[in-house]
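The values are calculated or read from the model by the stated rules, or taken from the named source; none is laboratory data. The model shown is predicted, which means the values in this text are computed figures rather than measured ones. Counting neighbours? That spans all protein chains shown, and the Cβs are built from the backbone with ideal geometry, glycine included.
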Amino acid sequence: MNTESEFKQRGYYATLTLLTLLFLLAGISKLTGSEMQIETYSGYGLPLALMYFIGFAEVLGAIGLWIRRFSILASAGLAIVTLLVLAMHAVFDPVAMLVPALVLPVLLVLMIKLRCHEQKGKNLYSADCAYQ
């Protein structure tokens, strides 16, 4: 493996690990009913059942990121969750709360793109990649 390929692979796994840890921590925080999560969901006027459902989806998605067969689906599902979170922050919270909610969907879309290329055996930087 050449140096550029090794660098890309390390970046890929570093991003994958970061996303996994973030969603595991967020999901576990919701599933355990942390006081902060309960206050947040109550403050938004959302049912606590939704908090538990999203927590379950985040934990399941974090695990799914590592299973090649499910990684694209897991990334897409987590991207949808983060976009919904972005919408909630845009309505209820200061602009500073939008930053993490903006970064996560971008990283998840990047993961989808990388997995698609990996599965199809295409070069990430080929001209046809932009049209997928």
Matching residues in the stretch 24-45 (modelled with pLDDT of 95 or more and touching a Leu at 6+ places or on another chain (Cβ under 7 Å)) number 1
Residues that are in a loop (DSSP other than H, G, I, E, B) and either under 15 Å from L108 (Cβ atoms) or out of contact with any helix residue (DSSP H, G or I) (no Cβ under 9 Å at 6 or more places or on another chain) (or both), drawn from the stretch 1-44
N2
Does L78 satisfy being within 15 Å of the chain's Cα centre (by Cα), assigned to a helix (DSSP H, G or I) and modelled with pLDDT under 90?
no
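Yes or no, residue by residue, for (1) at pLDDT 90 or above; (2) of a type outside the set (V, I, T); (3) surrounded by fewer than 18 Cβ atoms within 10 Å (Cβ to Cβ); (4) farther than 14 Å from T20 by Cα:
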residue: P47; (1), (2), (3), (4): yes, yes, yes, yes
residue: F56; (1), (2), (3), (4): yes, yes, yes, no
residue: A62; (1), (2), (3), (4): yes, yes, no, no
residue: T82; (1), (2), (3), (4): yes, no, no, no
residue: P94; (1), (2), (3), (4): no, yes, yes, yes
residue: K120; (1), (2), (3), (4): no, yes, yes, yes
residue: A130; (1), (2), (3), (4): no, yes, yes, yes
Criterion: within 26 Å of C116 (Cβ to Cβ), of a type outside the set (F, W, Y) and surrounded by fewer than 18 Cβ atoms within 10 Å (Cβ to Cβ) - qualifying residue of L19, L73:
L73
Cβ contacts < 7 Å: first residue of a type in the set (V, I, T), restricted to the stretch 91-115; second residue surrounded by 14 or more Cβ atoms within 10 Å (Cβ to Cβ), any location; separation 6+ or different chain. Result?
V109/A79; I112/I72; I112/S75; I112/A76
Flag if V109 is surrounded by 11 or more Cβ atoms within 10 Å (Cβ to Cβ), modelled with pLDDT of 85 or more, β-branched (V, I, T) and in contact with a Leu (Cβ under 9 Å, 6 or more places away or on another chain)
no
